1. For LYS96, list the lysines whose Cα falls under 20 Å from its own Cα; do not include residues on the same chain fewer than 8 positions away.
2. Any chance you could give the angle, 0 to 90 degrees and rounded to 10, that helix 81-97 forms with the longest Cα principal axis of the chain?
3. Pull out the extension gain between ALA100 and ILE32, defined as 0.36 nm times the separation in residues minus the alpha carbon to alpha carbon distance; nm, one decimal.
4. Give, rounded to the nearest 20 debye, the magnitude of the charge dipole that the chain has about its Cα centre when Lys and Arg contribute +1 at Cβ and Asp and Glu contribute -1 at Cβ.
5. How large is log10 I(q)/I(0) at q = 0.12 Å⁻¹ when the Debye formula is applied to the Cα atoms of the chain, each weighted equally and without solvent?
6. From the square roots a ≥ b ≥ c of the eigenvalues of the alpha-carbon gyration tensor of region 11-78, which class results: rounded (a/c under 1.5), prolate (a/b over b/c), or oblate?
7. For LYS51, list the lysines whose Cα falls under 16 Å from its own Cα; do not include residues on the same chain fewer than 8 positions away.
8. Defining a contact as two alpha carbons under 8 Å apart and six or more residues distant in sequence, what relative contact order in percent does the chain show?
Amino acid sequence: MLFAQTPNTNKDKDNMPRISGVDVPEKKRLDIGLTYIFGIGRNNVVRVLEKAGLARERKINSLSPEETSKLQKVLDEIKVEGDLRKEVAQNISRLKSIGAYRGIRHAKGLPGRGQRTRTNARTKRGKRVTIGALKKEVLAKTEASKVEKAKKEAKK
């Protein structure tokens with residue numbers, strides 16, 4: 001019995017070169033495509049390409065295997081991807097463990113560089129939660145339950 005082969009839907013992904021463990025889009029220019037790697041920004045790209053001796057305007061698919069390996073060697077000297085993510089996570093956990101102000105702010109999920117939080121800071125604090133006015137009945141029930149809990153704790 002013959003089985004029909006499923007067509008390869010990831011044709012674009014198959015042709016993408018892997019640099020530092022990241023699929024870099026082949027149709028983009030070198031200076032844009034390399035920013036897909038975590039830890040490589042627009043400024044770092046310029047330094048990396050100068051060190052590798054490559055032009056910024058070239059397309060990624062025009063690189064020869066030798067040029068790709070030269071680029072990889074230059075990138076191996078810089079902390080990128082997993083190593084950099086690991087270092088950042090360790091720095092944050094160190095700040096938390098020593099009880100630094102920034103560590104406490106990280107733990108609470110609040111901004112740590114002096115920004116206001118009464119309004120704004122939505123990115124760090126998450127989606128808005130509206131706290132409306134309570135009806136008298138609901139308020140009375142919550143007050144009563146608080147009093148009961150206090151009595152139980154006093155008996156113990």
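1. LYS86, LYS108, LYS124
2. 20 degrees
3. Working: separation 68, 0.36 × 68 = 24.48 nm, distance 3.72 nm.
20.8 nm is the gain from fully extending ALA100 to ILE32.
4. Details: 39 positive and 18 negative charges, 358 e Å.
For this selection, approximately 1720 debye.
5. Scattering profile of the chain, log10 relative to I(0): -0.81.
6. Since a/c stays below 1.5, the shape of region 11-78 is classed as rounded.
7. In chain and number order, the partners are LYS70, LYS73, LYS79.
8. Values: 116 pairs, mean separation 20.5, N = 156.
With pairs under 8 Å counted, the relative contact order is 13 percent.
Each reported figure results from applying straightforward, stated rules to the coordinates on display, with no laboratory input. These figures come from a predicted structure and were not determined experimentally. Ideal geometry is used to build each Cβ from the backbone, glycine not excepted, and the neighbour counts take in all protein chains shown.
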